[in-house]
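Structure first, then comments.
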Amino acid sequence: MIRRMSEAYNVMEMLVYEITEEILKMPNINICKCKECKTDIMLYALNKLPAKYVRTAKGRIYSELETLKRQYKVDVLRYVMEAVEVISRNPSHKSEDEEFIDDLDKFLEAFEGTGKIL
């Protein structure tokens, strides 16, 4: 039987989160910044990167994070930027224009059912 590890933390998650937030604040990054897209970006990058687990003893996690930042920053930047490109082309939700068109189509279908002329 596998026991759940207590007090274990993947510091790569924090590193990916921090870098994703920094990148999405850049004015030249044109992508939806909703929670769903941010999560997709982070998951994409995390699936490309190795997990780095540490115990969550106070202070230790921050020193581990700083060490990992130096070691993995280039890789994390690469995969987050790749994720931004992929997710911006294929967001997991509709754009505002697509939602408007869907709403308009539903309205017109409902209106046609009334027999009234526009």
- Task: Could you run through region 37-59 and say how many residues are loosely packed, with under 13 Cβ neighbours inside 10 Å and at pLDDT below 80?
- Result: 4
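Looking only at region 81-96, decide whether some residue is at pLDDT below 70, more than 21 Å from residue 24 (Cβ to Cβ) and in a helix (DSSP H, G or I). First the steps, then the outcome.
The first filter runs over region 81-96 and keeps only residues at pLDDT below 70, leaving 94-96.
From the residues that got through so far, the ones that are more than 21 Å from residue 24 (Cβ to Cβ) too are none.
The answer is no; no qualifying residue exists.
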- Message: Contact list please: Cβ distance under 6 Å, first residue in region 38-52 and under 14 Å from residue 14 (Cβ atoms), second residue surrounded by fewer than 19 Cβ atoms within 10 Å (Cβ to Cβ), pairs at least six apart or on different chains.
- Response: 51/10; 52/68
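The values are calculated or read from the model by the stated rules, or taken from the named source; none is laboratory data. A quick note: this is a predicted structure, and the numbers were derived from the prediction, not measured. Counting neighbours? That spans all protein chains shown, and the Cβs are built from the backbone with ideal geometry, glycine included.
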